[in-house]
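**Student:** Structure incoming, see below.
The values are calculated or read from the model by the stated rules, or taken from the named source; none is laboratory data. Keep in mind the model is a prediction, meaning the values are calculated, not measured. Note that each Cβ is placed from the backbone with ideal geometry, even for glycine, and that neighbours are counted across all protein chains shown.
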Amino acid sequence: MIKGVIFDLDGTLLDTLGDIAAAGNAVLRKRGLPEHEVEAYCRFIGDGMRNLARRIFPPDQAPVDGPELDRATAEYKAEYARHWRGSTRPYDGIPELLDALVGRGVKLGVVSNKAHEFTGECVAEFVGDWTWDAVLGQREGIPHKPDPAGALEAAEIFGLSPAECAFVGDSGVDMQTGSRAGMKAVGVLWGFRGAEELRENGADALIERPMDLLAQL
């Protein structure tokens, strides 16, 4: 029986794409570079802020590791701090799902590659009406997903074995994370990636609507 559910944040619990795009495009605009359509950001996110800050640039102008990438990441972080409340919201059906999980006594967690401070702020702002047992973003010295370290840390906080947990996300990175952690990997089809990527990366189940998760527990 699944007693704990660990969610990815962006593209799983929250539709953050518009605000992520607004921040990235602000960085590009200030540098006189072409901006992207919002949907293009689906391809840029999922591997942490530094990778996002690199990917938004034209390939021949992408910042290299070191001070150059540090500056680009700092610029993006500053812009996201200004934009993150703009259009972000929970996906339809998420509040009802969280109510149902709490009613079943399921422990709730978030493990995200978003910077830890923003992960905590987004959870508090948009899904703060529910009690979260673990909220873990990307932190210095902790490898980011698909390394299972964060997922395993959440399970330990829950006081549960990995086999008693489900990892729920919208990307191949999330499916790899769940599988490597020894958890049930559940892919959501309302997020930023598609069914093929989820299946190829080890999804144990795919769900079309948030409440469908209940049948997987």
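**Student:** If the requirement is being crowded, with 21+ Cβ neighbours inside 10 Å and in the same structural domain as Pro34 (by TED's automatic domain parsing), which of these qualifies: Ala62, Ala72, Ala154, Ala78?
**Tutor:** Ala72
**Student:** Just to check your reading of the model, which residue among Val173, Val123, Val168 is assigned to a strand (DSSP E or B) and either surrounded by fewer than 23 Cβ atoms within 10 Å (Cβ to Cβ) or among the hydrophobic types (A, V, I, L, M, F, W, C) (or both)?
**Tutor:** Val168
**Student:** Does region 187-195 contain at least one residue that is more than 14 Å from Asp8 (Cβ to Cβ) and either at pLDDT below 95 or of a type in the set (Lys, Arg) (or both)?
**Tutor:** So far as region 187-195 goes, yes, one or more of its residues are more than 14 Å from Asp8 (Cβ to Cβ) and either at pLDDT below 95 or of a type in the set (Lys, Arg) (or both).
**Student:** Right, another one. Among the candidates Arg89, Arg29, single out the residue that is modelled with pLDDT of 95 or more, surrounded by fewer than 20 Cβ atoms within 10 Å (Cβ to Cβ) and under 23 Å from Glu125 (Cβ atoms).
**Tutor:** On the way: Arg29 fails: under 23 Å from Glu125 (Cβ atoms).
Criteria check complete, one pass: Arg89.
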